[in-house]
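The values are calculated or read from the model by the stated rules, or taken from the named source; none is laboratory data. It should be emphasised that the depicted structure is a prediction, and the values quoted were computed from it without experimental measurement. Cβ placement follows ideal geometry from the backbone for every residue including glycine, while neighbour counts extend to all protein chains displayed.
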Amino acid sequence: MATTLSQLAVPQASATQPTPGYLSQRPAWHRCSEDRPATYECATLKVPLDYERPQGPTIDLAISRVKSGNPAKRHGIMILNPGGPGTTGLYRPMRMSTEMPEDVRDRYDLIGFDPRGVGASSPITCGLDQTEKGTGGAYRPERFASDVAWARSVADKCREKAGNVLPYITTRNTARDMDVIRAALGERKISYLGYSYGTYLGAVYSQMFPQRTDRFVLDSGVDPHRIWRGMYQVWATSAGPAFERWTHWAAERSAEYGLGVTPEAVSDTFWALVARADREPIDYFGQKLTGDDIRDPGVFYSPAEASAITRSLKAAAERTPMPADAGVPDVKRLLAGGRGATGPDPDTAAAPAPGEGASPDAVPVDNGTAVYWSVVCGDTENWPRDPEQYERDSVQDKVRYPLYGDFASNIKPCAFWRPPLEVATPMTHRAKVLTVQNEWDPMTPLSSGQGLHRALKGSRMVLAKGGQGHGVYLIDGTSCANEPVNTYLTTGRLPVRDVTCQSPPRDQEPKRS
């Protein structure tokens, strides 16, 4: 049954089959709010909770738009997704309309939406309190039983609070919702710009609706073959090269940071700090940091940031004063759970802008977390069901990938989730889309972006060598990747081959190859 369901998409109209009502609705656009520009419009569509039962219960789908200001150049609509899962996207058109080059901006009506279950789109809740909203911690044998209890409790609470809805909060159903948006706007095809989790959503749409896929940019790629436990684990496997690069960088600047004159010495300094914090938490300006708190691999993708943080921690551990001009890095922001509770995408590429989405009072406080687990657990059945499997993997991976291996492989609520209604989307159709990737991305590492590119036959990849951070296009105004993306979005022509360019210092022109 699951195999059969996985092949189903939105039913197609024919001469003998009337168009389903949800495909023939038209949005009633209105100004989103008085404190927003009049060009920023909102509407609500109705979509089936279960596309297999189109006459059954429906949910709201909140959408928004900023229309093209140049009808003569307009090509069509571009749906935007900032990442997640669990992130609101209603505000995105207003934000992107000010960031896109005019020549790109003129060609599209920019369309935003809150994915099903998120924000203003019939938001769900699991009734989780603040202590239950994380994505899990490091493996420790003495507390593994409590980790199992946490994972089971989250799954049980979600089932109790939203069990009739959770099975339908999935990437495949969100892709179907995107096609409803297309139909409601009277478009034959859609263009799309998606970041992080949005790359997987875009990839799934391209496979379910290949004939309706126009100009797609997938920025900071999720490898479809790693969903979703594998995406946790890629943070561990990709941390080694970033850490090694940092040790060389810091050693070359030993006079400035004092972490060691060789890469080996820098590494020893860091691991000594971890051991010290494990014995007794380091008092860092009132924050008590354990060894687990400072083993966040994402920090090391920015060597300068990692060096400043490690220097500050070393001074705090030794109770020595910092240089007067060194500053105090915000370790609380950068460490101890920097990957957030609403998915593998909490930074500026994915975070909602101020004012985005529904009124805060109308959205449950755990909404992002509830949707995150619904998607991550409900998209795929590739989650072990035996808690002991997670324990074995964590022990093994802590040795193989000491920075993050035990975090990545530790138990998650998906171990106790109901089996998905559909299998994960196979990547079988050719997809003439453009993937974009920074070389040093901590959230969707290069290997993940390359996996997305390989999975989508017919795609092209723009790789920004030396590029750091999560999110490329328009996130970094100096990135060498911006030019080829702009060209594709204005002309619809993919590069004839993959593009590798060098992201330069801000005062230099980019070089392409």
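Some points to look at:
- Count - residues of segment 93-134 that are basic (K, R), assigned to a loop (DSSP other than H, G, I, E, B), under 28 Å from N173 (Cβ atoms) and out of contact with any strand residue (DSSP E or B) (no Cβ under 7 Å at 6 or more places or on another chain): 1
- Checking A316, A304, A265, A272 one by one, the residue that is in a helix (DSSP H, G or I), crowded, with 19+ Cβ neighbours inside 10 Å and small (G, A, S) is A316 and no other.
- Segment 411-513 holds strands (runs of 3 or more DSSP E) entirely within its bounds, and those carrying 3 or more residues that are crowded, with 21+ Cβ neighbours inside 10 Å and under 22 Å from the mean Cα position of the chain (by Cα) map to 434-440, 460-468.
- Single residue of segment 1-59 satisfying the filter (part of a loop (DSSP other than H, G, I, E, B), touching a Phe, Trp or Tyr at 6+ places or on another chain (Cβ under 9 Å) and among the aliphatic types (A, V, I, L, M)) that is modelled with the highest pLDDT: L49
- Scanning segment 53-75 for residues that are touching a strand residue (DSSP E or B) at 6+ places or on another chain (Cβ under 6 Å) and over 20 Å from C42 (Cβ atoms) yields a count of 1.
- E52 vs. criteria farther than 19 Å from L474 by Cα, more than 20 Å from the chain's Cα centre (by Cα) and of a type in the set (D, E): yes
- No other residue among R392, R430 is touching a residue at least 40 places away in the same chain (Cβ under 8 Å) and among the basic types (K, R) apart from R430.
- Any hit, segment 214-231, residues being closer than 30 Å to R188 by Cβ, out of contact with any helix residue (DSSP H, G or I) (no Cβ under 7 Å at 6 or more places or on another chain) and not basic (K, R): yes
- Filtering segment 256-301 to residues that are under 25 Å from H470 (Cα atoms) and among the hydroxyl-bearing types (S, T, Y) leaves S267, Y301.
- From R182, R215, R188, residue being assigned to a helix (DSSP H, G or I), assigned by TED's automatic domain parsing to the domain that holds E99 and among the basic types (K, R): R182
- Scoring G378 on the criteria (1) surrounded by 17 or more Cβ atoms within 10 Å (Cβ to Cβ); (2) of a type outside the set (S, T, N, Q); (3) more than 18 Å from the chain's Cα centre (by Cα) leaves a single failure, condition (3).
- Just one residue in the set E102, E132 is surrounded by fewer than 20 Cβ atoms within 10 Å (Cβ to Cβ), at pLDDT 95 or above and on the phi < 0 side of the Ramachandran plot; that residue is E102.
Conditions (1) buried (at least 22 other Cβ atoms within 10 Å of the Cβ); (2) at pLDDT 95 or above; (3) assigned to a helix (DSSP H, G or I); (4) hydroxyl-bearing (S, T, Y), marked per residue:
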site	(1), (2), (3), (4)
F144	no, yes, yes, no
K157	no, yes, yes, no
T174	yes, yes, yes, yes
M178	yes, yes, yes, no
